[in-house]
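The values are calculated or read from the model by the stated rules, or taken from the named source; none is laboratory data. A quick note: this is a predicted structure, and the numbers were derived from the prediction, not measured. Note that we place each Cβ from the backbone using ideal geometry, even for glycine, and neighbour counts take in every protein chain shown.
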Amino acid sequence: MFNITAIPAFQDNYIWAIHNKRHVVVVDPGDAVPVLNFLTEKNLELTAILCTHRHNDHIGGIAKLRAEYHVPVYGRSHPNNPHITEDLREGEQITLPEFNLSFGILEIPGHLDDHIAFVNPDILFCGDVLFGAGCGRNKEGTLAQLHHSLQRLSQLPDETRVYCAHEYTTANIQFALACEPSNLDLQLRSKNVKQLRAANIPSLPSTVALEKSTNPFLRCTEAEIIHTLQHRGLQEITELSVFTALREWRNVFTNVHDEPGEMQ
């Protein structure tokens, strides 16, 4: 038996902690201090670190954590990520014996080339590729790669819980509503997320089903989204063209809910 708890870090990061009464595994610890505080508060022992990609707000706390807990670090090896001890590739699997929990590895480039996801039928740790009602910026590789990675994630079981690395859902929903204002599922999600955030409760995890019904980057064939983009000058309506137009619009879209670190 285990729980998954969000450890807030920086302005909008979540370090996800998989834990039981004795052990904890953390995902993307960009800052060691909140993790160490969590371990002390809960009287837990760190047993492993999972790493989705090399951005500093995901790896910045690893060295300090490993100085106190000599634990394996699972992720995709990269010259700019010296912390990885267990190099993972597409199709491989890891097991966390303390929780009787296993994850398969998906390579999901498009945000960064080294980005991976940890996935099983119930749980997805997707880093900065898929966000609540949104997706990450294309920092490396191509938009076609990012689109393909998101499509792969959308094919996971509907009930899979989606653990994104940032609390961007409120801002992303504002963009999604600009794209598809008649989407009733999106309107309901907007209401629910406002209530959660007003109570200082994370908007995450979501589910694959919820993302497919409300996330414009997974809805590139929807007529209303295409119509909205055509009013903005979209000519070609292939799925990749629609996705590209959405991502380019999101890059410059601003609203009162955007955070300074939005879409890092």
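Summary of computed values
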read-out	value
Residue match in the stretch 164-179 (condition: under 18 Å from Leu143 (Cβ atoms) and among the charged types (D, E, K, R))	no
Breaking point among (1) under 26 Å from Leu112 (Cβ atoms); (2) touching a strand residue (DSSP E or B) at 6+ places or on another chain (Cβ under 9 Å), for Lys42	(1)
Among residues of the stretch 14-45, those that are touching a helix residue (DSSP H, G or I) at 6+ places or on another chain (Cβ under 6 Å) and surrounded by fewer than 23 Cβ atoms within 10 Å (Cβ to Cβ), counted	3
Count of residues meeting criterion [over 24 Å from Ser102 (Cβ atoms) and either assigned to a loop (DSSP other than H, G, I, E, B) or at pLDDT below 95 (or both)] in the stretch 1-53	6
Residues that are hydrophobic (A, V, I, L, M, F, W, C) and without any contact (Cβ under 8 Å) to a residue 40 or more places away in the chain, drawn from the stretch 182-209	Leu184, Leu188, Leu196, Ala198, Ala199, Ile201
Candidates Glu86, Glu98 - the one that is of a type in the set (Asp, Glu), buried (at least 17 other Cβ atoms within 10 Å of the Cβ) and on the phi < 0 side of the Ramachandran plot	Glu98
Sole exception among (1) of a type in the set (Val, Ile, Thr); (2) farther than 25 Å from Leu150 by Cα; (3) in contact with a strand residue (DSSP E or B) (Cβ under 7 Å, 6 or more places away or on another chain); (4) not in a strand (DSSP E or B) for Ile84, by number	(2)
Meets criteria (surrounded by 14 or more Cβ atoms within 10 Å (Cβ to Cβ), in contact with a strand residue (DSSP E or B) (Cβ under 7 Å, 6 or more places away or on another chain), at negative phi and not hydroxyl-bearing (Ser, Thr, Tyr)) for Leu143	no
Identity of the residue in the stretch 20-33, under 19 Å from the mean Cα position of the chain (by Cα) and of a type outside the set (Val, Ile, Thr), that ends up nearest to Ala117 (Cα to Cα)	Asp28
Of residues in the stretch 174-183 being within 19 Å of the chain's Cα centre (by Cα) and of a type outside the set (S, T, N, Q), the one surrounded by the fewest Cβ atoms within 10 Å (Cβ to Cβ)	Phe175
Cross-chain or 6+ apart pairs with Cβ under 7 Å, the stretch 1-24 first and more than 19 Å from Cys126 (Cα to Cα) and touching a residue at least 40 places away in the same chain (Cβ under 8 Å), then in a strand (DSSP E or B) and among the acidic types (Asp, Glu)	Arg22/Glu45; His23/Glu45
Matching option when the condition is in contact with a Gly (Cβ under 8 Å, 6 or more places away or on another chain) and at pLDDT 95 or above, among Gln145, Gln195	Gln145
Close pairs from the stretch 233-252: first closer than 13 Å to Leu146 by Cα, partner aromatic (Phe, Trp, Tyr), Cβ under 9 Å, at least 6 apart	Phe243/Phe217; Leu246/Phe175; Leu246/Phe217; Arg247/Phe217
Test: residue in the stretch 74-88 that is of a type outside the set (Val, Ile, Thr), closer than 18 Å to Leu44 by Cβ and touching a residue at least 24 places away in the same chain (Cβ under 8 Å)	no
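Yes/no per residue for (1) more than 19 Å from the chain's Cα centre (by Cα); (2) among the hydroxyl-bearing types (Ser, Thr, Tyr); (3) part of a loop (DSSP other than H, G, I, E, B):
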position: Val162; (1), (2), (3): no, no, no
position: Asn172; (1), (2), (3): no, no, no
position: Asp185; (1), (2), (3): yes, no, no
position: Gln195; (1), (2), (3): yes, no, no
position: Ile201; (1), (2), (3): no, no, yes
position: His227; (1), (2), (3): yes, no, no
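Listed here are the residues, each with its yes/no results for (1) touching a Phe, Trp or Tyr at 6+ places or on another chain (Cβ under 6 Å); (2) more than 16 Å from Gly75 (Cα to Cα).
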position	(1), (2)
Val27	yes, no
Ala32	no, yes
Val35	no, yes
Leu50	yes, no
His55	no, no
